[in-house]
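Accompanying notes for the structure given below.
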Amino acid sequence: MTHRNNMGIFDFIGGEKKKPELTPFLPKDIYDAAKLDFSDIIAPSALKITPREMNLGDKLVRTFYVISYPRFLAGTWFAPIINKDKVLDISIFIHPVDTAVILRKFQKKVAEVQSQIMTRQEKGMVRDPMLDTAYQDIEQLRNQLQQAQERVFDVGLYISIYGTSQDELDKTESEIRSILDAKLVYVKPALFQQEQGFKSVMPIGDDQLAVNSKMNSSPLSSFFPFTSFDLTSDRGILYGINRHNSSLILFDRFSLENYNSVTFAKSGSGKSYATKLEILRSLMFDTEVIVIDPESEYEYLANAVGGRFFDISLSSDNRINPFDLPTPREDESPIDVLRSNIINLVGLFRLMLGGLTPEEDAIIDRAITETYALKDITGANDFSSMEPPLLSDFELVLAGMEGSESLVQRITKYTKGTWSGFINRPTNVDINKKFIAFSVRNMEDELKTIAMYIITHFIWNAVRKDLRKRLLVIDEAWWMMKSEDTAAFLYGMAKRGRKYYLGLATITQDVEDFLKSPYGLPMLTNSSIQILLKQSATSIDAVQKTFNLTEEEKYLLLESDVGEGIFFAGLKHVAIKVIASYTEDQIITSDPSQLLAIARAKKDSPS
């Protein structure tokens, strides 16, 4: 056991120990002797070398070397080791070999193999496929060397693994061995050479193990050490940085098989921050963005980019008439558009009235049809320029129908009661801007789901009317997943959005409520991009099961910092860190302390 103190330099790193002074110290000498060298700072407190591993302070390290390779090496054979979620160091030593020396050896080897083949033929023995293959390989490589198409190298591959206990080291060793054995790559521990092995893996370029294998250029290229997971495309916006190798995660959601995404994260983990960053960058690529905002988090962003912010509440002047109809497109018939709108309205009334019996459902359906007919809106004529009915018109029609007494009583609060100003007026909301945000923060919780349904229905009609590249963001989507009707409508948008050039981004912190809905998993499967940020301990098991995460990925989500998590695109996923520029951060931040500082700075700045 070697112990260190602050008077010496850890010679294991490569420095020299200071010899004790025999002459008396002067004050300057005392100062110089007490100084810490850089190697003193980075060296462990103690070192112990055993035949199979080394103790570096409170860590154990074990070093291996590769002794054998298969005849063929796939281009990414080393990627599972590089990408393994373990602490390890890898060194690859490549020593060029003189081609002339190798050619002389090959000439001798070719003669030996030819002699063996001819001897077997003379004795009438069955030919040996291994000798034939060896002869062909040597001849081919010799030709490539002579034509300078290949070079030969002595290659040493060393791996050091780390752990806090013997069991952890043994488990990691077993995992690495099983991965490499499956590829016919065999390793051995550096028994009684752990010190030399560790020094060989250190970034000082000293191959003290010198366990090398001859290898030509082509298979050597498969060692390329940067085959770690990249998840990017050749165009799109920057979602974040790959935490594994610091590569960029670039994607254009409108180039994927569908344009939808889901984001799961606990409160305060940066989900709204990441979404606002995507919005800000998407606007630069001529994408129109519409947000349903439960907490008014997007108001500052809307003002900063010249968009519009609508407060939807009982006291607000902003109104949306649920009876509005979209203008049929050239490939749509008016009767189909009207029928689809009636079905959506039945779902809305089911939500507003606290559920409907089958008889009441039929009455509501007939009453909606007759209400439209009063305004001369039928599937047989062009209703694009006609004024749609209001909820009070529907109430009058409903009151004249047999068996509708209970329905009329329940709907009165929306036409004459406390909630009468909410949806019983013509629409006065114009969304003809690049960025639109609807806030329902000031809406009563009982009406919040209804409000989000009406807003979403209004947006869907606008999307169908005019084909443009749009992104619809629904923050706190669990509100809409609570009701089967709203969840079904949201799922319908996710499935049909591609036809209308619409991407749907759903964000939620209540993962379990989202997944409990019968439409939760279908929403996931219809989303090309999935983002998981920091998760709570209560929901992590459901997330792990849904996304088939490993234990390491599970703990990564539990221990992630703000803006960190896992980014999925199709079947691939990587660890992500969301990064914004200073200017972007000032626009999109939701941190109360930052917002307060910004407000104070504006207040103190001269006008």
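The values are calculated or read from the model by the stated rules, or taken from the named source; none is laboratory data. Keep in mind the model is a prediction, meaning the values are calculated, not measured. Virtual Cβ from ideal backbone geometry, glycine too; neighbours counted across all protein chains shown.
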Got at least one residue in the stretch 526-534 being closer than 18 Å to Ser483 by Cβ, crowded, with 19+ Cβ neighbours inside 10 Å and among the hydrophobic types (A, V, I, L, M, F, W, C)?
no
Qualifying residue in the stretch 155-168 (condition: acidic (Asp, Glu) and under 34 Å from the mean Cα position of the chain (by Cα)):
yes
Count - residues of the stretch 415-472 that are of a type in the set (Lys, Arg) and under 29 Å from the mean Cα position of the chain (by Cα)
5
Scanning the stretch 328-341 for residues that are surrounded by 18 or more Cβ atoms within 10 Å (Cβ to Cβ) and assigned to a helix (DSSP H, G or I) gives Pro334, Val337, Leu338, Asn341
Name the single residue, out of those in the stretch 98-152 being in a loop (DSSP other than H, G, I, E, B) and surrounded by 12 or more Cβ atoms within 10 Å (Cβ to Cβ), that is modelled with the lowest pLDDT.
Asp128
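Residues to consider are Leu184, Leu169; find the one that is outside the structural domain of Gly570 (by TED's automatic domain parsing) and either surrounded by 14 or more Cβ atoms within 10 Å (Cβ to Cβ) or more than 18 Å from Arg71 (Cα to Cα) (or both). Full working, then the answer.
Details: Leu184 fails: either surrounded by 14 or more Cβ atoms within 10 Å (Cβ to Cβ) or more than 18 Å from Arg71 (Cα to Cα) (or both).
Result of the check over Leu184, Leu169: Leu169.
For the stretch 68-122, name all the residues that are aromatic (Phe, Trp, Tyr) and touching a helix residue (DSSP H, G or I) at 6+ places or on another chain (Cβ under 6 Å).
Residues of the stretch 68-122 aromatic (Phe, Trp, Tyr): 69, 72, 77-78, 93, 106.
The answer is Phe106, and nothing else.
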Based on this model, can you work out whether Val152 counts as of a type outside the set (S, T, N, Q) and closer than 19 Å to Ser218 by Cβ?
yes
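When residues of the stretch 278-295 are filtered for being touching a Phe, Trp or Tyr at 6+ places or on another chain (Cβ under 8 Å) and either assigned to a helix (DSSP H, G or I) or of a type in the set (Gly, Ala, Ser) (or both), how many remain?
Narrowing the stretch 278-295 to residues touching a Phe, Trp or Tyr at 6+ places or on another chain (Cβ under 8 Å): 278-279, 283, 287-294.
Cutting the leftovers down to either assigned to a helix (DSSP H, G or I) or of a type in the set (Gly, Ala, Ser) (or both) gives us 278-279, 283.
Here the count works out to 3.
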For the stretch 246-261, check the following and say yes or no: at least one residue is under 28 Å from Lys59 (Cα atoms) and not polar (S, T, N, Q).
no
Could you run through the stretch 551-591 and say how many residues are within 26 Å of Asp252 (Cβ to Cβ), among the charged types (D, E, K, R) and at pLDDT below 85?
1
Against the conditions (1) modelled with pLDDT of 85 or more; (2) part of a helix (DSSP H, G or I); (3) surrounded by fewer than 15 Cβ atoms within 10 Å (Cβ to Cβ), where does Asn442 fall short? Just the number, please.
(2)
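Given the structure, is Phe438 within 23 Å of Asp336 (Cα to Cα) and in contact (Cβ under 8 Å) with a residue 40 or more places away in the chain? Full working, then the answer.
On the way: within 23 Å of Asp336 (Cα to Cα): no; in contact (Cβ under 8 Å) with a residue 40 or more places away in the chain: yes.
Answer is no for this residue.
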Is at least one residue of the stretch 257-276 outside any loop (DSSP other than H, G, I, E, B), in the same structural domain as Ala569 (by TED's automatic domain parsing) and without any contact (Cβ under 8 Å) to a residue 60 or more places away in the chain?
no
For the stretch 489-525, enumerate the residues that are aliphatic (A, V, I, L, M), buried (at least 17 other Cβ atoms within 10 Å of the Cβ) and modelled with pLDDT of 85 or more.
Leu490, Met493, Ala494, Leu502, Leu504, Ala505, Ile507, Met523, Leu524
Working only within the stretch 417-444, note down all residues that are over 15 Å from Asp311 (Cα atoms) and in contact with a Phe, Trp or Tyr (Cβ under 9 Å, 6 or more places away or on another chain).
Ser420, Asn424
